[in-house]
1. If you roll a 1.4 angstrom probe over the protein chains with everything in place, what fraction of the accessible area of the range 1-131 belongs to carbon and sulfur, to the nearest %?
2. Sort the range 58-120 into rounded, prolate or oblate with this rule: let a ≥ b ≥ c be the square roots of the eigenvalues of the Cα gyration tensor; rounded if a/c is under 1.5, and if a/c is not under 1.5, prolate when a/b is larger than b/c, oblate otherwise.
3. Top to bottom by accessible area (1.4 Å), largest first, where do Glu89, Glu25 land?
4. Determine the gain in length on full extension of the stretch Val112-Glu63; use 0.36 nm per residue of separation and subtract their C-alpha separation, reporting nm with one decimal.
5. Cα gyration tensor of the range 1-109, axes a ≥ b ≥ c as square roots of the eigenvalues: rounded (a/c below 1.5), prolate (a/b > b/c) or oblate?
6. Highest first, please rank the peptides 47-60, 113-126, 6-19 by the mean number of other Cβ atoms sitting within 10 Å of their residues.
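The values are calculated or read from the model by the stated rules, or taken from the named source; none is laboratory data. This structure is a prediction, so every number in the text was calculated from the model and none was measured. Methodologically, a virtual Cβ is constructed for each residue, glycine included, from the backbone with ideal geometry; neighbour enumeration extends over all protein chains shown. Note: accessible area is taken over every heavy atom of the protein model, side chains too, but ligands, DNA and RNA are not part of it. Shrake-Rupley method; radii C 1.70, N 1.55, O 1.52, S 1.80 Å.
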Amino acid sequence: MFGPHAQIRLGEGAEEGWVGTDAPERPPEWLRPRDRSFLLQGWGGPEFSRTLEGRVPLAVTREPSGTEAVLPVAWTDFSGLIRPQGALESTGTWLTVREYWAADPVTGAVGVAYHRLTGLTSGSKPTGPEFDVGTGTLVEPRGGEH
């Protein structure tokens with residue numbers, strides 16, 4: 001089970017479990033968690049991916065191999081639009097995660113130590129970065145924040 005602020009993982013047979021949450025204190029800037037989004041790529045078109053009617057949206061998506069997934073989100077097929085500034089604006093169905101960083105105490109190397117699921121969403125890409133489609137240069141959002 002997961003939400004924007006915590007994730008609960010249960011082991012097989014519910015014999016063990018653990019909770020992942022954001023720390024109440026702010027970490028150093030170089031260890032600050034990073035929010036990311038990943039496109040859920042079902043095969044496009046209503047014959048492969050659709051949203052079931054009902055109170056809670058459930059997307060059913062199928063690959064040409066016949067593999068199906070049912071997700072608790074309304075389905076949006078992927079598309080990309082070139083904005084006037086030359087950036088690619090993506091829409092689709094997204095899995096969002098928060099990456100947590102850690103530093104090795106011996107070498108000082110920093111890397112992603114843990115991923116926590118934060119949501120499923122459809123529509124515009126919920127996190128950056130965005131890139132100029134002509135040059136590949138990172139497009140800075142207004143205010144210069146990522």
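1. So the carbon and sulfur contribution to the accessible surface is 58 percent.
2. Oblate, since a/c reaches 1.5 and b/c is not below a/b.
3. Glu25, Glu89
4. 14.6 nm
5. Oblate is the answer for the range 1-109, as a/c is 1.5 or above yet b/c matches or exceeds a/b.
6. 113-126, 47-60, 6-19
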